[in-house]
Every structure is written in C-alpha cells, then in structure tokens.
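Report on the following structure.
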Amino acid sequence: MSTLPEETPATDPDSRPDWDVVVAGGGTAGLSAAVFLARYGLETLVLARGKSAIHQCAHLENYLGFPGGISPERFLALGETQAEHEGATVDDDMIESVEPHDDGFVISTQEGREIVTTHVLAASAYDGDYLSAFAEDLRTADADDSDSDHEFLDTDAGRTPIEGLYAGGWLTDESVHQAVTNAGDGARAALSLIRDDLTDRYWAEIGDIYVDWVVDADRYGGEEWHENVDGWFDREIAPGAPDEMDDETLAEVRDDLKTAFLDRGITADERDRRECEGQRHLLDALDDDVIREYVAEIDAD
Ligand SMILES: Cc1cc2nc3c(=O)[nH]c(=O)nc-3n(C[C@H](O)[C@H](O)[C@H](O)COP(=O)(O)OP(=O)(O)OC[C@H]3O[C@@H](n4cnc5c(N)ncnc54)[C@H](O)[C@@H]3O)c2cc1C
C-alpha cells in the first residue's frame, strides 16, 4: 500500500480533482479496472476496505493461470502489485459517501479524507450504500441470487445512468459470481469509461476502437501500413467527425491515432526485459521456503 497523498479539501475554492478516477474496492473487479485505467494514463486511486467476497473463498482453484490454485490473499497481492506497476495507487481506506461535486464527485472516507475525483468506478461487491446520494437515479435490480437482501446496480457494460459513475463486478446485475468473470466485468467497466473519455475528446468512432495491447515493434509502421491506415480512417472513422471539423484538424487526429498505434510497438529487448520483470514479480509473491525447495530440486537435477 502506498502513502496517502495530500488532497485538496472539497470546500476549498481552489479545489480541483485530486484523481481522474477513484475505484471503490480492491477485489478482482476493482484491481482489474485499475490496471486498464492506469495503463490508459488516468490518475487512478483504488480504495479498498470492508466486506469482500473473495476473502470468503478458501482456495481459488478456477482462475485461469494458476494450476493447483492460489490463496485469495496471494491472488489479491499480485493484483495490487500489477495495478501499482501500471501506475495506480492502492490505499487501505473505506468509502463512506460519494456526493456530486462541480468537478465530478467528492468522496468521504473512514480515515477522514475528502477526495475530489472526476470519475468513480464502484467495484465494492456487497456494499453500495455510499452511493445513496444517487439512489433515485441509480436503477437497481434484484438479482436471481441466494443473497436475497442484496440489490445489484443495473449497469450497461459497466455504465450507470449517472455521468462519470461506472460499476463492475459482484455489485452489478451483469455479474456472474466468479472471480474470473468479475475481473472481466472490471475491465469492461474501465474500457467503457476510457471509450467515453475518447468519445468526449474526439468522437464515438474513435472511442469505439480503443483496445489495450502491445505488439512487436515491426508490426505497425512502413509505407503500406500508413496507406492502409489512411484509407481505413477516411472510410470508417472520419465520417463520424463533428461537421465543423476542418481538414487540417482531421489530419491531426488521424496522426494522433497512428502515433497511438505506433506507441504500442515494443522491441525484442524490451519484451525480454518485461518478461523478466514479470517473472520477478511472480517470484516476489511466492513463499521463500517454496522457492528454496524448488532451487534445491533444480540443483539436485
Ligand atoms: C464463500 C465464497 C467462495 C467463493 N469461492 C470462489 C471460487 O472458488 N472461485 C471463484 O471464481 N469465485 C469464488 N467466489 C466468488 C468471488 O469471490 C467473487 O465473484 C469475486 O470476488 C467478486 O469480485 P469483486 O471484485 O466484485 O468483489 P470482491 O472481491 O468482494 O471485492 C470487493 C472489494 O470492495 C472492498 N469494499 C467493500 N466496501 C467498500 C467501501 N465502502 N470502500 C472501499 N472498499 C470497499 C472490499 O474490501 C474488497 O476489496 C466465492 C465467493 C464466496 C462468497
């Protein structure tokens, strides 16, 4: 967990958003959302404390990528490391209320913090009480679930009817209650937020095509690639541009888009560096005794 940053009191006339996004909840949905949001470049704070589904699981055995299973604690620790590695901040604090604010939302927490944020992404499983200021507009659905007291937020790909407020994971009616699908819900809600941000900054056709991946450095670029992208942009993307946009601005947007594609390319050296760094993070998460035992087995071989 990182140290707490200074936040501007929401009542201060100079108050400005402290964060682009605050993610409520550090379970599989919240941490997965944070990875996508931070990689897109949004200042992302995850606040996590309180009731959690995953802590009730004895051993997580059906999350892809962990043959033999993984303890929920180790799983979440890896998720936190990944979110922080991508640039998000993860803090131990509980959200008590979220209220509307000129710059988006103001969040009050159990530790007495007052945080101004442009967006909120709620991924707090059983606890949505802090959203009561929006109760009238937030549709809730009674899910067909044994947990009959629980009301689920009615979302559409993680979007709620409140502008700037998104939700994912167990908290929503889109949830199938499994960790791996809830990770997908968090990612989907984050992608909806990102695509809405791009739609506001450019237009819908640009928002719709956003994806997050890296490729080998030589995959994009070169004369033929530039010609193909220019043609595709003119056919598929430019027709959605605002009518008043002039040709010069349109060309700038096309170049921005190309730069975004080109920035996804990584060299073989960089790929190897990332692969090694990733393996070290995995080793960090393992018990030293297990590593020593394994090394002894390698040495014996
Ligand atoms: C008994 C049991 C066993 C399970 N076993 C499995 C299994 O084996 N395999 C499987 O795939 N799934 C299993 N699940 C389901 C799985 O745990 C959930 O689907 C998944 O954890 C939901 O992810 P989430 O991120 O939506 O919520 P959670 O993982 O519950 O995360 C919610 C987060 O929100 C935080 N939070 C809550 N309120 C606030 C607040 N006000 N402010 C800040 N933070 C807040 C919590 O501390 C937590 O960090 C099990 C569930 C239960 C109940």
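The values are calculated or read from the model by the stated rules, or taken from the named source; none is laboratory data. Keep in mind it's a predicted model, so treat the numbers as computed, not measured. So basically every Cβ, Gly included, is an ideal-geometry build from the backbone, and we count neighbours across all protein chains shown. These accessible areas exclude ligands, DNA and RNA; they are computed on the full protein's heavy atoms, side chains included. Shrake-Rupley method; radii C 1.70, N 1.55, O 1.52, S 1.80 Å.
Among residues of segment 111-135 that are more than 7 Å from the ligand (Cβ to nearest atom), those with a Cβ under 6 angstrom from a residue that is modelled with pLDDT of 95 or more and of a type in the set (Asp, Glu), sequence gap 6+ or separate chain, pair up as GLU111/ASP93; THR118/ASP20; ALA133/GLU99.
Among the residues of segment 231-254, those identified as open to solvent by 70 Å² or more (accessible area, probe 1.4 Å) and part of a helix (DSSP H, G or I) are ASP234, ARG235, GLU236, PRO239, ASP247, GLU248, GLU252. In the set ILE291, ILE266, ILE209, ILE298, which member is of a type in the set (Val, Ile, Thr) and open to solvent by 90 Å² or more (accessible area, probe 1.4 Å)? Being of a type in the set (Val, Ile, Thr) and open to solvent by 90 Å² or more (accessible area, probe 1.4 Å) holds for just one of ILE291, ILE266, ILE209, ILE298, which is ILE298. In the set (1) surrounded by 11 or more Cβ atoms within 10 Å (Cβ to Cβ); (2) part of a helix (DSSP H, G or I); (3) of a type outside the set (S, T, N, Q), GLY221 fails one condition alone, (2). The number of residues in segment 158-188 that are surrounded by fewer than 17 Cβ atoms within 10 Å (Cβ to Cβ), assigned to a helix (DSSP H, G or I) and more than 11 Å from the ligand (Cβ to nearest atom) comes to 0.
Return yes when PRO67 is near the ligand (Cβ under 9 Å from one of its atoms) and either modelled with pLDDT of 95 or more or in contact with a helix residue (DSSP H, G or I) (Cβ under 7 Å, 6 or more places away or on another chain) (or both) and no when it is not. Don't jump to the end; show me each part of the working.
Working: near the ligand (Cβ under 9 Å from one of its atoms): no; either modelled with pLDDT of 95 or more or in contact with a helix residue (DSSP H, G or I) (Cβ under 7 Å, 6 or more places away or on another chain) (or both): yes.
The answer is no for PRO67.
Return the total of residues in segment 12-41 being touching a residue at least 60 places away in the same chain (Cβ under 8 Å) and part of a loop (DSSP other than H, G, I, E, B). Residues that pass the stated criteria total 7. Checking each residue in segment 70-106 for being touching a residue at least 24 places away in the same chain (Cβ under 8 Å), near the ligand (Cβ under 8 Å from one of its atoms) and not β-branched (Val, Ile, Thr) picks out LEU76, ASP93, MET94, GLU96. Is it true that SER15 is within 14 Å of the ligand (Cβ to nearest atom) and hydroxyl-bearing (Ser, Thr, Tyr)? Answer is no for this residue. For segment 44-64, the candidate set comprises residues that are more than 9 Å from the ligand (Cβ to nearest atom) and touching a residue at least 60 places away in the same chain (Cβ under 8 Å); within that set, the residue that is surrounded by the most Cβ atoms within 10 Å (Cβ to Cβ) is LEU45.
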